[in-house]
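What follows draws every value from the coordinates through simple rules; no lab data is involved. Bear in mind the structure is a predicted one, so any value in this text is a computation, not a measurement. No Cβ is skipped: glycine too gets one built from the backbone with ideal geometry, and neighbour counts run over all protein chains shown.
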Amino acid sequence: MEPPPQATPRPLPQPAPVPVAPVAPAAPSIQPSLPPQLPDYSSIAPAPAVPAAGDPRLTAGFPAVLPYREGLPVPAGYHVEERPAKGLLYTGAATLAAGYLGGLAIGLSRGFDGSLGWLAVPVVGVGPAIAGRKFKCTAADVSEARECLRRANTEATTVAGVAIDGMVQVTGLLLVIAGLASSQSELVLNAPVQVQAAQRPGGFDLAVTGRF
């Protein structure tokens with residue numbers, strides 16, 4: 001006897017798809033913009049003040065005098081001055097002083113006897129000092145002759161020393177004159193003149209400083 005046929009199960013109905021709403025993309029988050037941070041300048045030292053015209057700091061460290069050549073531009077802060085030749089002046093003054101002191105030494109060694117007193121007058125006194133010398137000596141015996149010879153040698157040495165001393169003084173005077181006559185151009189630093197006044201009881205003190 002055959003078994004009864006089995007019933008085939010029916011498929012269950014599929015549920016209808018549920019519509020899904022589209023998801024919008026998330027909006028970007030907006031961050032508030034901050035101002036840029038400024039650097040900190042508090043630790044930086046302030047710039048030094050620019051010196052004004054005439055401030056001595058502008059010429060600090062510059063030489064006071066420079067040589068100048070004709071036709072070249074004058075540097076800022078300097079001016080041209082005509083000055084005598086210092087080398088000739090200094091050499092002439094030293095030579096003249098040495099000759100004058102030498103003449104005084106010669107006159108002092110002879111006690112300024114006779115015309116040697118003229119040696120107290122520089123340059124001009126040399127001529128009268130030589131022209132006024134007079135020497136006379138008479139000898140009756142050998143001892144007096146020897147004394148005359150000694151005095152003659154002394155007198156000749158004195159006159160020769162005064163003559164040489166006179167040439168030294170004249171040379172020094174000529175060098176001084178040449179130094180004064182031969183001037184040279186030099187660049188001189190412009191030094192500002194500063195005037196300072198300080199009050200005190202009963203008045204005030206005034207001070208002027210600078211290079212003149």
For the stretch 112-117, 3J(HN,Hα) per residue [Karplus equation, 6.51 cos²θ - 1.76 cosθ + 1.60, θ = phi - 60°, Hz, x = Gly/Pro]: 6, 6, x, 8, 5, x
Footprinting exposure proxy for Ile177, Ile106 (fewest neighbouring C-beta atoms within 10 Å first): Ile177, Ile106
Shape of the stretch 86-181, Cα gyration tensor, a/c cut at 1.5: prolate
Amide proton proximity set for Asn190, modelled H, under 5 Å, gap of 5+: Tyr78, His79
Amide hydrogen neighbours beyond the local backbone of Gln184, cut-off 5 Å, H modeled: Arg83, Ala85
Under 5 Å, built H, 5+ apart or other chain: amide partners of Tyr68: Leu187
